[in-house]
Amino acid sequence: MLYQLYETQRALMSPFAEFASASAKLYSHPLSPFAHTPMSQRLSAGLDLMHRLAKEYEKPQFDIRGIEVDGVEVAVQELVPVTKPFCRLLRFKRYTDDLAVLSKMKEQPTVLVVAPLSGHHSTLLRDTVKQLLKDHKVFITDWTDARMVPLEAGPFHLDDYIAYVQEFIRHIGPECHVISVCQPTVPVLAAISLMASNGEQTPRSMTMMGGPIDASKSPTAVNNLAMNRSFSWFETNVIYRVPTNFPGAGRAVYPGFLQHTGFVAMNPDRHATSHYDYFLDLVQGDDEGAEAHRQFYDEYNAVLDMPAEYYLDTIKTVFQDFALINGTWVVDGQLVLPQDIKGTALLTVEGELDDISGAGQTRAAHGLCSGIDAEHQHHYVAEGAGHYGIFSGRRWREKVYPQVRDFIAQYDHAGTMAAAAPKRRKRT
């Protein structure tokens with residue numbers, strides 16, 4: 001019922017949001033007589049802010065049309081090599097007529113970025129992708145809003161997430177390097193562990209950034225909520241059915257609007273201050289500051305619904321049973337054994353000020369991956385970086401990315417890590 005009430009409210013607010021947008025332009029356009037009346041700038045700024053607070057935010061585009069490689073402008077095109085009901089595998093194909101640059105790009109490492117399925121769209125990693133494209137061939141998981149997936153497609157569990165990751169790795173090939181950001185660090189580690197246990201070739205490296213490998217270490221407010229509420233509480237209070245006006249009508253989901261409310265509730269003062277600063281930027285004519293605000297909140301306010309089964313599986317497996325750490329996680333009848341990984345190098349990255357994944361949560365992967373020689377295990381703490389700072393913004397570009405780039409380059413040659421794959425294990 002809550003989801004239906006939200007949709008009703010959104011439909012009612014939509015005309016007011018459009019009216020506010022039109023009125024804001026009426027008081028700001030230089031050819032409008034109203035733009036030259038007293039207080040017109042404040043009226044326009046207030047109406048613009050009202051529009052942005054009331055409007056619906058659609059999924060943003062990556063909109064990466066080109067990047068610079070060795071001083072040469074290179075065109076970028078999005079391709080979709082694999083399409084699944086709940087996810088698309090995107091490839092950012094680079095093109096240039098410069099033969100020297102083209103030859104260099106062909107030899108660059110291939111990277112699979114596993115984006116989080118935790119509320120925001122994969123475009124949240126736009127800055128991650130843009131930076132990686134300078135030195136890598138890049139693929140990324142583009143998760144589908146669950147409300148857009150018809151019931152006929154069936155449910156989507158955490159086990160299905162793992163199967164998707166394995167399928168994408170097999171499609172790209174074992175020469176790839178996998179980067180997981182936040183939530184997917186756990187299922188990615190499980191996916192690669194199972195591949196190793198089954199004697200499959202595993203990626204050359206895996207980079208895990210700001211994820212809850214061991215959520216019991218330095219628990220944050222997000223962790224505490226998941227750990228201190230009962231499983232039945234989540235089933236009762238955050239799971240709703242998709243309304244009839246979407247393709248996925250009737251599907252049980254954790255709605256995006258509830259997730260967004262939780263995001264804002266973590267730092268309400270910061271968001272209130274940001275919106276007020278936006279109002280002042282409009283009044284003072286600071287177009288650059290206003291545009292920066294728009295770009296951030298166009299992304300931040302665009303959220304998706306998560307399949308209920310996947311969300312509840314994650315709560316139980318990662319935050320309540322600690323199944324990965326305790327060695328009790330069984331996927332499709334097979335025990336997850338990270339110690340079976342031998343031919344894949346490991347880099348973990350944590351933000352010094354991360355308030356989503358606490359200190360030590362990601363680093364815990366090293367203790368689990370005991371089959372990887374110590375010399376091939378690396379850890380990096382980004383000083384002054386919060387959760388988003390380890391994959392987006394100045395600290396990502398200047399501090400974290402050079403570490404990730406150099407790590408991938410170090411292990412991008414076959415035979416760098418000579419380790420025989422273990423014999424195939426029988427399922428129990």
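Observations
- Residue selected from the stretch 284-315 under the condition among the hydrophobic types (A, V, I, L, M, F, W, C) and over 13 Å from L117 (Cβ atoms), by the criterion surrounded by the most Cβ atoms within 10 Å (Cβ to Cβ): I315
- Only listed residue being surrounded by fewer than 16 Cβ atoms within 10 Å (Cβ to Cβ) and farther than 30 Å from A153 by Cα, chosen from L53, L43, L79, L49: L53
- All positions within the stretch 212-234 that are of a type outside the set (A, V, I, L, M) and modelled with pLDDT of 95 or more: P212, D214
- Looking across the stretch 340-360, the residues that are touching a strand residue (DSSP E or B) at 6+ places or on another chain (Cβ under 8 Å), crowded, with 21+ Cβ neighbours inside 10 Å and closer than 16 Å to P212 by Cβ come down to T348, V349, E350, G351, S357.
- Candidates A196, A215 - the one that is in a loop (DSSP other than H, G, I, E, B) and either crowded, with 24+ Cβ neighbours inside 10 Å or under 19 Å from the mean Cα position of the chain (by Cα) (or both): A215
- If you go through the stretch 310-337 and keep only what is of a type in the set (D, E) and either under 25 Å from W143 (Cα atoms) or outside any loop (DSSP other than H, G, I, E, B) (or both), you end up with D313, D332.
- Filter pass, D332 being modelled with pLDDT under 95, outside the structural domain of P402 (by TED's automatic domain parsing), surrounded by fewer than 19 Cβ atoms within 10 Å (Cβ to Cβ) and among the acidic types (D, E): no
- Test: residue in the stretch 72-93 that is among the small types (G, A, S), farther than 30 Å from G211 by Cα and over 28 Å from the mean Cα position of the chain (by Cα): no
- Leading residue by the ranking (farthest from the chain's Cα centre (by Cα)) among those in the stretch 1-28 that are closer than 28 Å to Q284 by Cα and not in a helix (DSSP H, G or I): Y27
- Any strands (runs of 3 or more DSSP E) falling wholly within the stretch 29-107 and containing at least 1 residues that are free of Cβ contacts under 8 Å to residues at least 60 places away in the same chain and touching a Leu at 6+ places or on another chain (Cβ under 7 Å): 72-84, 87-95
- S205 in the same structural domain as Y310 (by TED's automatic domain parsing), in contact with a Pro (Cβ under 6 Å, 6 or more places away or on another chain) and surrounded by 24 or more Cβ atoms within 10 Å (Cβ to Cβ): no
- Taking the listed residues R126, R170, the one that is over 24 Å from S357 (Cβ atoms) and part of a helix (DSSP H, G or I) is R170, with no other qualifying.
- Evaluation of V72 against (1) assigned by TED's automatic domain parsing to the domain that holds P155; (2) within 23 Å of C182 (Cα to Cα) (one fails), failing number: (2)
- Subset of the stretch 3-28 [in contact with a helix residue (DSSP H, G or I) (Cβ under 8 Å, 6 or more places away or on another chain) and among the hydrophobic types (A, V, I, L, M, F, W, C)]: M13, F16, A17, A20, A24, L26
- Among the residues making up the stretch 395-406, those that are over 11 Å from Q131 (Cα atoms) and of a type in the set (K, R) are R395, K399.
- Filter result for R363 (touching a His at 6+ places or on another chain (Cβ under 6 Å) and surrounded by fewer than 20 Cβ atoms within 10 Å (Cβ to Cβ)): yes
- Scanning the stretch 177-193 for residues that are of a type in the set (S, T, N, Q) and farther than 16 Å from D340 by Cβ turns up S180, Q183, T185.
- Hits in the stretch 246-283 - residues which are outside any helix (DSSP H, G or I) and under 19 Å from L117 (Cβ atoms): F246, P247, G248, R251, A252, V253, Y254, P255
- Within the stretch 301-355, the residues that satisfy the criterion of being under 19 Å from the mean Cα position of the chain (by Cα) and among the hydrophobic types (A, V, I, L, M, F, W, C) are A302, V303, L304, M306, A308, L312, I315, V318, F319, L347, V349, L353.
The values are calculated or read from the model by the stated rules, or taken from the named source; none is laboratory data. Bear in mind the structure is a predicted one, so any value in this text is a computation, not a measurement. Here the Cβ is made from the backbone with ideal geometry for all residues, glycine too, and neighbour counts use every protein chain on show.
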